[in-house]
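The values are calculated or read from the model by the stated rules, or taken from the named source; none is laboratory data. Just so it is clear, the model here is predicted, and its values are computed rather than measured. Neighbour counts are summed over all protein chains in view; Cβ atoms, including those assigned to glycine, are modelled from backbone coordinates with ideal geometry.
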Amino acid sequence: MSILLLVMIFASSTAVAETKLSIVGSNTLFPIVEAVGARFQELNPDVTISVEGPGSGAGITALIDRQTDIAPMSREPKQEEVNEATAKGIELNITKVALDALIIVVNKENPIDSLTREQITGIYNGTYTNWADVGWASGGDIFVIERDENSGTHDFFNEFFLDGEEVDPAKVKGHKQEASTSQLFRLVADQKNAIGYGGLAFFTDIVKKVKVDGVEGTIETAKDGSYPVARPLFYVFDEKTISDIGRQFVEYTLSPEGQYLVLDVGYVNVAEAAQTLSEVASIDNTPLNPLPLMAGIVFLALVFRKKSFT
């Protein structure tokens, strides 16, 4: 075999390795990864991105086990996770890529428009078990729905409202955990007496958004700090071993194009963002082609659903 052929084979195998990117983590950040990933693939057609959204906890575990390149997280890594990563020689880079308003949702038949932080805490710790306790006389027993333990949103909610404690199913009248925000919102839509929570980008009119302490969770109130339950969203990766393409993906998310997409899916940008779709397309003179863009979105969505819900 000639030296030239060996060089060609090596170069080819290296190129393939460098263009694969694994992203495993938060369900909350999935809309960002979906939109940014589709556009990133359009700009870099040789890049193959695989995405799973089992939750922040599963994402950081995969990163520590060197099973993924980037772990999107809706909370910061816990100290024990940092310690485990350090023990394995991993230098965690925790990069904020967006802000979110964690919204409280109820069924659309529920007449309550606003709850205080104390009332939400009381509902989830079992102090208030009937809607009459918080202002809906005929509401009946409260069905409490939360995200599952793999979820960073679950952890953030419990830290904010329950001082880090878990919901005790024995203290509430009805209880269920859901693996994704979309599933949680659908269940709230189907259950007249339900309450739940989730990321702002997942909100649709199948449920009703409830104000917290009189403030509605929106992009504007999360950005100006007036909404009490706002939180940062992160990409976490190993600073020592992140590939060039992985670093480019992180940088692209923080670029004006990427931050425009963050806004477009319903979260708050943390860096300068393009203002219009045409401005996004003009940044690198590459037009937004709807067909490749949608193909990327469908591909990523299918991978997510298959990995998460079977």
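Here are the numbers:
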{"item": "Any hit, the stretch 160-172, residues being small (Gly, Ala, Ser) and in a loop (DSSP other than H, G, I, E, B)", "result": "yes"}
{"item": "Residues of the stretch 91-116 that turn out to be over 20 Å from residue 231 (Cβ atoms) and either at pLDDT below 95 or out of contact with any Lys or Arg (no Cβ under 7 Å at 6 or more places or on another chain) (or both), as a count", "result": "2"}
{"item": "Given (1) touching a residue at least 60 places away in the same chain (Cβ under 8 Å); (2) outside the structural domain of residue 126 (by TED's automatic domain parsing); (3) touching a Leu at 6+ places or on another chain (Cβ under 7 Å); (4) surrounded by fewer than 22 Cβ atoms within 10 Å (Cβ to Cβ), number of the condition residue 210 does not satisfy", "result": "(2)"}
{"item": "1 or more residues assigned by TED's automatic domain parsing to the domain that holds residue 265 and surrounded by 14 or more Cβ atoms within 10 Å (Cβ to Cβ): qualifying helices (runs of 4 or more DSSP H) within the stretch 39-142", "result": "56-64, 79-87"}
{"item": "For residue 258: the one exception among (1) closer than 16 Å to residue 36 by Cβ; (2) in contact with a Phe, Trp or Tyr (Cβ under 9 Å, 6 or more places away or on another chain); (3) in a loop (DSSP other than H, G, I, E, B)", "result": "(3)"}
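The rows are residues; the columns are (1) β-branched (Val, Ile, Thr); (2) in contact (Cβ under 8 Å) with a residue 40 or more places away in the chain; (3) in contact with an Asp or Glu (Cβ under 9 Å, 6 or more places away or on another chain).
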{"site": "36", "(1), (2), (3)": "yes, yes, yes"}
{"site": "44", "(1), (2), (3)": "no, yes, no"}
{"site": "75", "(1), (2), (3)": "no, yes, yes"}
{"site": "90", "(1), (2), (3)": "yes, yes, yes"}
{"site": "99", "(1), (2), (3)": "no, yes, no"}
